[in-house]
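Here's the structure, in structure tokens; my notes come after.
Throughout, read-outs are computed from the coordinates displayed, never taken from laboratory work. Every value quoted in this text rests on a predicted model; they were computed, and no experiment measured them. We place every Cβ from the backbone using ideal geometry, glycine too, and count neighbours over all the protein chains shown.
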Amino acid sequence: MATSELPPQTLKIGEYTFTISEGKDEDIPGFVDAFDAAFADNLLFSTMSGTADRAVLREKDIAFWKGQWTMSGRKHFKVVDEANGKIAAITRWWFPHTLTPEEVAKAEEAKNGPQPEPVPGTNAGATKEFVKQLIDYRDKWVKNDDMYMMNILAVVPAYQRLGLGKALLAPVLKMADKEGKKTYIEASAAGEKLYRRLGWVETGDTISLDFTKRTNVRIFQVVLNIQSIITRIPGQIERQQPVYLIDALGREKPFFLEFITSVESFTYILQDNFKNIGTGAAKIGRGEFAIADVASNRDVNLGSAWETRFYPGQGRETIDDDDEEMALFRRVRIRTSITSPPKNFSHTDPNPTSSYWSVQEQNNFPALLRHFGTDWSEIATFMTNKTETQVNNYYQRVVTYGNSSLEDITKDVDGKRMRGEPTGPLPKPAGMRKKRYNPEETL
């Protein structure tokens with residue numbers, strides 16, 4: 001990807017003035033120092049570093065970064081504090097690429113040739129296992145020639161919580177979405193909330209290291225599950241995937257056609273949903289249920305070809321208080337009542353999360369964007385009945401289906417929030433929807 005597509009930009013946040021630009025060769029020591037500062041308190045990295053001399057480790061890291069700097073697809077970006085010239089944040093991306101024959105040969109030599117001696121004092125066993133798991137999961141999930149990979153994001157502690165991480169990620173994510181490409185990241189616990197807010201979803205794989213493999217002293221056992229493997233699916237692809245199942249108790253459970261690919265796996269989901277409720281799981285196993293499309297109220301034929309049984313699309317239904325709501329994901333429900341509701345059903349959460357958007361919620365949404373921008377977490381907290389993902393998905397749907405002006409709103413508001421300027425007023429919270437539940441009614 002040409003550098004000119006991501007030109008330098010100036011960012012003003014409160015009293016700070018930052019410049020975001022692509023890194024240069026002479027920046028490599030500064031990149032290493034920024035990474036070390038950002039992860040100084042990280043248990044994983046401090047354990048792997050052990051008691052090694054920090055100056056020796058730094059020289060080794062600088063050499064490693066120099067080797068990565070000019071490889072195919074590698075792009076390095078930095079945020080510099082203009083007041084002192086210091087690097088405040090860095091990122092390394094792998095843009096879609098194909099390695100040259102020389103790079104392939106060099107990689108094979110590094111993999112199969114003599115391995116360099118570890119720096120004295122480092123935990124070589126943990127480091128080897130960590131690198132192995134990283135490579136295994138990249139081989140599993142990443143297609144280098146057709147995906148972006150966010151390899152490293154580090155913000156120096158003094159500059160954290162200013163929005164610099166998001167400022168570094170957003171331009172490349174916009175490029176990936178425009179090209180319809182997925183992006184991949186290995187997320188630490190510290191950054192996971194930001195990554196989910198920007199649209200990444202967890203793959204289910206986790207890097208786990210047990211540092212007690214070489215000792216019998218159980219008190220020193222440390223098992224880390226801090227590296228979640230997350231893939232960000234382009235918005236237009238992600239919006240086509242979920243089908244929402246509404247069970248006989250009115251509970252919603254999304255499932256993804258990308259992963260649920262047979263009647264057997266779908267039935268397993270149903271059985272798991274009812275495993276602790278009466279005889280529901282047994283009835284599912286005996287096939288004593290039917291599935292209907294919410295929009296048409298027609299039965300879904302589970303005997304037809306799997307690919308045609310469920311499809312993402314548009315549905316519409318009217319609820320009890322005549323508030324018309326729309327869902328752009330296909331929704332299905334279990335028609336046959338499988339089991340009576342639990343005795344304390346009336347005491348469940350009176351305002352559960354719902355992917356439906358009432359007319360009032362739809363009307364209020366632009367005002368929420370004028371106040372919060374793309375802070376989906378804050379919008380979800382304000383609304384109380386939506387999750388971050390539901391808010392983000394709704395925004396993407398509205399923009400995709402014609403109201404692109406919301407992008408201008410959020411861009412303006414995000415800029416104001418970064419600069420510490422006031423934003424638009426909040427709307428009145430949407431009232432709680434009143435839904436009647438009839439335990440005798442067949443769903």
**Complete:** Each label sits 7 Å from Cα toward the beta-carbon; between Asp25 and Thr279 the label points are separated, in nm, by 7.7 nm
**Prompt:** Across the range 12-21, in residue order, what do the Karplus-derived ³J(HN,Hα) couplings come to in whole Hz, using 6.51 cos²θ - 1.76 cosθ + 1.60 with θ = phi - 60° and x for Gly and Pro?
**Reply:** 9, 10, x, 8, 8, 10, 10, 10, 9, 7
**Item:** Contour excess over end-to-end distance, with Cα ends at Asp139 and Asp272 and 0.36 nm allotted per residue
**Value:** 44.8 nm
**Prompt:** Of Lys283/Lys386; Lys106/Lys182; Lys12/Lys86, which pairs sit farther than 20 Å apart, going by alpha carbon to alpha carbon?
**Reply:** Lys283/Lys386; Lys106/Lys182
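Apply 1/(1 + (r/R0)^6) to the Cβ-Cβ distance of Glu288 and Ala52, taking R0 = 41 Å, and write down the FRET efficiency to the nearest 0.05. If you can, show how the numbers build up before the last one.
Details: r = 63 Å, r/R0 = 1.54.
According to the calculation, E is roughly 0.05.
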**Gain on full stretching of the segment that runs from Asn363 to Leu43 - 0.36 nm per residue minus C-alpha separation** = 110.6 nm
**Asked** When Lys and Arg each count +1 and Asp and Glu each count -1, what net charge do the other residues less than 12 Å away from Leu153, Cβ to Cβ, add up to?
**Response** +1
**Request:** Could you please report the charge total around Ile13, scoring K, R as +1 and D, E as -1 over all other residues with beta-carbon less than 13 angstrom from its beta-carbon?
**Result:** +1
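In the structure shown, do any of Lys178/Lys411; Lys24/Lys143; Lys143/Lys181 have a Cα-Cα gap over 20 Å, and if so which?
Beyond 20 Å between Cα atoms: Lys24/Lys143.
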**Prompt:** Modelled label-to-label distance, Lys12 and Val263, 7 Å Cα→beta-carbon offset: nm?
**Reply:** 6.5 nm
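Highest first, please rank the peptides 98-108, 13-23, 366-376 by the mean number of other Cβ atoms sitting within 10 Å of their residues. Don't skip to the end; give the middle numbers.
On the way: 98-108: 11.5, 13-23: 15.7, 366-376: 21.0.
Going from most to least packed, we get 366-376, 13-23, 98-108.
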**Request:** May I ask for the net charge around Glu82, where only other residues with Cβ less than 12 Å from the Cβ of Glu82 are counted and Lys, Arg are +1 while Asp, Glu are -1?
**Result:** 0
**Fill in**
For Ala105 and Lys416, extending 7 Å from Cα along the Cα-Cβ vector and measuring point to point gives, in nm, a value of 5.9 nm
**Additional length obtainable on full extension of the chain from Val119 to Val201, 0.36 nm per residue less Cα span** = 25.9 nm
